[in-house]
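The values are calculated or read from the model by the stated rules, or taken from the named source; none is laboratory data. Just so you know, these numbers come straight off a predicted model, no measurement behind them. FYI the Cβ positions are ideal-geometry reconstructions off the backbone, even for glycines, and counts take in every protein chain you see.
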Amino acid sequence: MRLFLTLLILCAFHVAKSQPTWDQAKQERVAKAVQNPYTKALLVYQDGVPVYEYGTKHQAYQVFSIRKSLVSLLFGIYAGEGKINLNATMAQLGIDDKQGLTSDEKQAKVIDVLRARSGIYHPAAYETPGMMKNRPPRGQYKPGEHWFYNNWDFNALTTIFEKQTGQGVFDAFRKKIAEPLKMEDFDIKRQEYYRDTMSVHPATLWFMSASDLARLGLMLLNNGSWDGKQVIDPAWIKESTTTFSDIGILGGYGYCWWTARDGNHFPFVTLPQGTYSARGTGEQTLLIIPERKIVIVHLTEVTSPDQPMMRVVELGRLLKTVLE
């Protein structure tokens, strides 16, 4: 009996010792850092355990360009099922746009579009002023030749996905990801299509909570597995978060995922190779650091492009405080 009690105490000590914790000083530093005008939610997980939670984690906010990484996951699932051919061209798929794509543009492959390297610089729905200002002239680059953060590519992905699978992106996300992960806050009625007159391809507006994004990040950190079910193929996670484009101080870009390259990913912090993130306007971020077994979700609320919002240097300082 005494031996049993001794073993029980040792096991309890080992579990307690292995649980990641922050000391009081670290808690206070992070608590001070999140007291800014922008942060609505900050969740930090290490080894699958929450080590810090702040804000409204079950409030769904529009997550802007995080949508692109969500759609990339769907491409991985349905390509694995043989329903999407990543090497098919726009011509083969019948993808066009107003006033028509050129014959060269129609040679862009689905894989080029996923990498934001389509070479198609047609006006697009939901473009930012920066995208419009910096968009190269039509025909300047051939498909696969040049990286440009291009809403035409991201919007066309939705059209390609729905045409090839016969399913809406929101329905597919609910079925293939939200339900297996038992997301608590994902409401398909809140998700929207945004259409305008300059392109036939709509943007999609996604509303997600920090809690649900954290589940997504933990599943990806666990090689695509959740509750004993394989949700995303580990090979797709690795491939889609590999750097295919060097984008300087922000690191690299994969298949609609931002990637760490030579330590570069956010200002003020050096992140290990294999780190990747989904990002939206106002520094909304789902950050996954496999080497350190860390998942971080940071959400802000943006309702107008003209409002003051967090910048990447400010998020970089916050992440430095969290990760130091």
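So, of the residues in region 226-258 that are crowded, with 16+ Cβ neighbours inside 10 Å and closer than 24 Å to Ala60 by Cα, which turns out to be farthest from the chain's Cα centre (by Cα)?
For region 226-258, the residue satisfying everything is Trp226.
Within region 146-180, which residues are acidic (Asp, Glu) and touching a helix residue (DSSP H, G or I) at 6+ places or on another chain (Cβ under 9 Å)?
Keep residues of region 146-180 that are acidic (Asp, Glu), which gives 153, 162, 171, 179.
Answer for region 146-180, where residues must be acidic (Asp, Glu) and touching a helix residue (DSSP H, G or I) at 6+ places or on another chain (Cβ under 9 Å): Asp153, Glu162, Asp171.
Just give me the residues in region 274-303 being assigned to a loop (DSSP other than H, G, I, E, B), of a type in the set (Ser, Thr, Tyr) and over 18 Å from Asn264 (Cα atoms), in sequence order. Let's see the steps before the verdict.
Filtering region 274-303 down to residues assigned to a loop (DSSP other than H, G, I, E, B) leaves 274-275, 281-283, 293, 301-303.
Checking the rest, the ones that are also of a type in the set (Ser, Thr, Tyr) come to 275, 281, 303.
Those that are assigned to a loop (DSSP other than H, G, I, E, B), of a type in the set (Ser, Thr, Tyr) and over 18 Å from Asn264 (Cα atoms): Thr281, Thr303.
What single numbered condition from (1) part of a loop (DSSP other than H, G, I, E, B); (2) surrounded by fewer than 16 Cβ atoms within 10 Å (Cβ to Cβ) fails to hold for Asp171?
(1)
What are the residues in region 25-67 that are within 15 Å of His298 (Cβ to Cβ) and assigned to a helix (DSSP H, G or I), if any?
Val30, Ala31, Ala33, Ile66, listed by residue number.
In region 62-87, how many residues are of a type in the set (A, V, I, L, M, F, W, C) and free of Cβ contacts under 8 Å to residues at least 40 places away in the same chain?
Matching residues across region 62-87 total 1.
For region 43-59, give me each residue that is crowded, with 20+ Cβ neighbours inside 10 Å and either of a type in the set (Phe, Trp, Tyr) or closer than 30 Å to Ala125 by Cα (or both).
Tyr45, Lys57
Does Ala178 satisfy the condition of being surrounded by 19 or more Cβ atoms within 10 Å (Cβ to Cβ) and either modelled with pLDDT under 95 or under 22 Å from Met90 (Cα atoms) (or both)?
no
Considering every residue within region 242-261, establish whether at least one is among the acidic types (Asp, Glu) and either touching a His at 6+ places or on another chain (Cβ under 8 Å) or at pLDDT below 95 (or both).
no
Please specify each residue of region 105-130 satisfying the condition of being loosely packed, with under 15 Cβ neighbours inside 10 Å and closer than 19 Å to Val200 by Cα.
Thr128
If you go through region 68-91 one residue at a time, how many are under 23 Å from Gly224 (Cα atoms), assigned to a helix (DSSP H, G or I) and of a type in the set (A, V, I, L, M, F, W, C)?
The total comes to 7.
How many residues are buried (at least 18 other Cβ atoms within 10 Å of the Cβ) and of a type in the set (S, T, N, Q) if we restrict to region 263-315?
Residues meeting the conditions: 6.
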